[in-house]
1. How do E313, E274 line up, fewest other C-beta atoms within 10 Å first?
2. So, in Å, what gap is there between the alpha-carbon centers of segment 275-309 and segment 134-173?
3. Within 10 Å of each candidate Cβ there may be at most 13 other Cβ atoms; applying that plus a DSSP loop requirement, which trypsin sites (Lys or Arg not before Pro) in segment 202-249 survive?
4. Once the Cβ-Cβ distance between M30 and V191 is put in as r, and R0 is 30 Å, what FRET efficiency do you end up with, to the nearest 0.05?
5. Just to compare against my own numbers: the Cα pair-distance distribution for segment 21-385, 10 Å bins, whole % per bin, please.
6. What ranking do H192, H353 get, fewest neighbouring Cβ atoms within 10 angstrom at the top?
7. Roughly how many Å is it from the Cα centre of segment 15-31 to that of segment 82-124, as a whole number?
8. Test of understanding: ordering I216, I87 by Cβ neighbours within 10 Å, fewest first, what list do you get?
Amino acid sequence: MDWLAGGILVCGLLSLATGLLPAGPAGDAMRRIAPLLAFLGTVIVLAELTSRAEVFDVVASGVARVGRGSYARLFVLCVVFASATTITLNLDTTAVLLTPVMLALAGRVGIAAVPLAMTTVWLANTASLLLPVSNLTNLLAADRVALSPMGLAERMWAPQLASIAVTMGCLWLFYWRRGRRGAKCYVPPEVHRPADRVLFRVCAVACAGFLLAILIDAVPLWTASAVAAALAVAAFAVRRRAALRLSLVPWRLLILVPGLFLVVETVNVNGLHELLARAVGTDGGLPGMLRAAGVGGGLANVLNNLPVYLAGESAVPVGNHDQLLALLIGTNVGPVITPWASLATLLWFERCHAQGVRVSPGRFMGTGAVLAVGALLASVGALALTG
């Protein structure tokens, strides 16, 4: 990831320096992602300090006790928990705040961490269709889609259910069934009691305030995460100053994201738009919807779903509303194959890396490809049937 982040940023800067990328489009892209970078930097700090305050351990032990030792019950609880968090808050919040909960749950009950981790990363992407706040691509699409939050939910409820259903099937087949998880049942843990109750309460309040601010859309996303992170930092400065280190800041992501946007903008101004227009086509029916979704999902795994949606949006004919929604499905549901396909996946990898959890790249990409194809077909089919 270090080499990947640095290499992509160098490519973007070289494109700008050589004139391959004009200064105007580059400046527009950087201004557009500045709030996103502020969000990424502060929300990672918040998640790291909240984890050290043992908030996630307390939540994890509660979830495990509700499961009462049944893997099937625990599976359903985790799917509902991850889906609800993604739908009502957003996929990046799920990746940052729910991943540590899942990993802490694995540690508390002594079960394999990978099934729980994969539940988080897959549903962070595939459960992000229903509301504008569920995914940053939905917010980018708000003007062109021209639907209210309830209007979007009325149009996307069937694709969302289809996507979650396929995700559940893939999760159970590849990660949760007994042959994969390695045990028949688990022993529910005792109630977890944090070592420092003051840090626990302050960080819990900071997280709750952050989630509430996102839910009611009171302030910009980066403002909510910055205030919550500042509260957690202040608490640690008083109670445990040694935990405050520069390594808390996700430097890798803050290098990678600008590089991704610069590279995609370079490709876009040098012919990507024309290629996308030909690839997407002008058919507003089911074949055209499948083409748009496939192009969006495929390119998102090559580049990243945020800049790919922006590039693909202009390639969809203005009157093809369902085709535009299909493109949105592709860029939301499809980015589960490569680590850089969505910011949520990148954030998830950061959290797993911080907790010492490793997922085989080959298995991650192989199972992700099956999920991407299945969920994309099911979601676009549901969109067409309910149109």
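Bear in mind these aren't lab numbers, they're just calculated from the coordinates by the rules spelled out. All values derive from a computational prediction rather than experimental measurement. Because the Cβ atoms are built from the backbone with ideal geometry, glycine has one as well, and the counts that use them run over all protein chains shown.
1. With the sparsest Cβ surroundings first, the list reads E274, E313.
2. 16 Å
3. Here the trypsin sites (Lys or Arg not before Pro) that fit, given the DSSP loop and packing criteria, are R245.
4. Given R0 = 30 Å and the Cβ-Cβ separation, E is 0.05.
5. Spelled out per bin, shortest first, that is 5, 25, 33, 25, 9, 2, 0.
6. H353, H192
7. 37 Å
8. Result, fewest neighbours first: I216, I87.
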